[in-house]
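Contents: one structure, followed by commentary.
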Amino acid sequence: MPAATPFRTVWFDCDSTLSAVEGIDELALDAAAGVRDEVAALTLAAMEGRVPLAEVYPRRLALLRPDRRAVEALGRRYVDRIVPHATLVVDALQSQGKRVGVVSGGLLPAVRHVAQALGIADADVHGVDVRFAPDGAYLDFDRQSPLWRNGGKPAFLRARPARERPLAFVGDGITDLEAAPAAELFVGFGGVAVRARVRAEAACFILDLRELLPILLTADELQALARHPRLGRLLRTP
């Protein structure tokens, strides 16, 4: 059913939502096998809600210590694996006057790559920044950011001003589901990985980003989009 009133803002998670990459696991690919396995186990535990993110986040980065070159390479990998239809769906939402942004617990310099590829303004991209030494070596992450902890995304969304509401948030994981009460609508995404709890508890759950359009656009906006010479096909493709 089309939205009754227009959404003004649509926020997306990045990892396993806009890109089919879990950034921290990608950074671990060149690590020793034992480190790689530990990072993967920590990520899974956090995504499933078994361990608080605040316990996992510093531990993973302390194990990996990604330098500037590795973080930039991750950004390019994000872009290489943008999920199907993401570019057109973002374009379609923007064509109907929606402000589209990214709020992620991922490393900000890498997340910016995928946002730029999708035509999302830097001012609307939020993640966890990283500090590097002059030679590019890893120093630390931005511990002042709320986004590396559970509760960070709902705090971010609750702080959005009235002019950005109603807002929708789209994500795949437990930290995304936590943000549901801070959005007028939370849409769970399972196109990369289906998290059982997210599928069970999300008000809406989709496997293809094209499914967002009938959910987030009003009847008038859908009619306008259908007439668009390039984007209208998003509504006609099963």
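The values are calculated or read from the model by the stated rules, or taken from the named source; none is laboratory data. None of the values given here were measured: they were computed from a predicted structure. Neighbour counts are summed over all protein chains in view; Cβ atoms, including those assigned to glycine, are modelled from backbone coordinates with ideal geometry. Heavy atoms of the whole protein, side chains included, go into the accessibility calculation; ligands, DNA and RNA do not. Shrake-Rupley method; radii C 1.70, N 1.55, O 1.52, S 1.80 Å.
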A chain fully extended from ARG230 to ALA196 at 0.36 nm per residue, minus the present Cα-Cα distance, gains in nm 8.7 nm
Between segment 219-238 and segment 142-188, what's the alpha-carbon centroid distance in Å? 28 Å
Shape verdict for segment 151-238, please, from the Cα gyration tensor: rounded (a/c under 1.5), prolate (a/b greater than b/c) or oblate. oblate
Which whole-number percent is the relative contact order of the chain (Cα, under 8 Å, 6+ apart)? 26 percent
Could you order peptides 75-83, 192-200 by the average number of other Cβ atoms within 10 Å of their residues, highest first? 75-83, 192-200
Enter the accessible area per residue of the chain (Å², integer; probe 1.4 Å; all protein chains in place). 45 Å²
Decide, for segment 30-140, between rounded, prolate and oblate: order the square roots of the alpha carbon gyration tensor eigenvalues as a ≥ b ≥ c, take rounded if a/c falls under 1.5, and otherwise choose prolate if a/b is larger than b/c, else oblate. prolate
Would you mind telling me the share, in percent, of accessible area of the chain contributed by carbon and sulfur at probe 1.4 angstrom? 52 percent
Using a 10 Å cut-off on Cβ atoms, rank the peptides 9-17, 119-127, 85-93 from the highest mean neighbour count down. 9-17, 85-93, 119-127
How high is the FRET efficiency between ASP91 and VAL35 when r is their beta carbon distance and R₀ equals 35 Å, given to the nearest 0.05? 0.35
Count charges around ARG112 for me, please; just the other residues with Cβ under 12 Å from its Cβ, Lys/Arg as +1, Asp/Glu as -1. -3
Quick one: grab the alpha carbon gyration tensor of segment 26-89, order the square roots of its eigenvalues as a ≥ b ≥ c, and give me rounded if a/c is under 1.5, else prolate or oblate depending on whether a/b is larger than b/c. oblate
Summing -39500 (n - 2.57) over the DSSP H runs of n ≥ 4 in the chain and dividing by its residue number, what mean residue ellipticity at 222 nm do you reach, to the nearest 500 deg cm²/dmol? -11000 deg cm²/dmol
What list of ³J(HN,Hα) couplings, whole Hz, do you get for segment 50-67 from phi and the Karplus terms 6.51, -1.76, 1.60, once you set θ to phi - 60° and write x for glycine and proline? 7, 9, x, 4, 4, 7, 7, 4, x, 5, 5, 5, 5, 6, 8, 6, x, 7
Summed over the other residues with a beta carbon less than 14 angstrom from that of TYR78, with K and R at +1 and D and E at -1, the charge totals -3
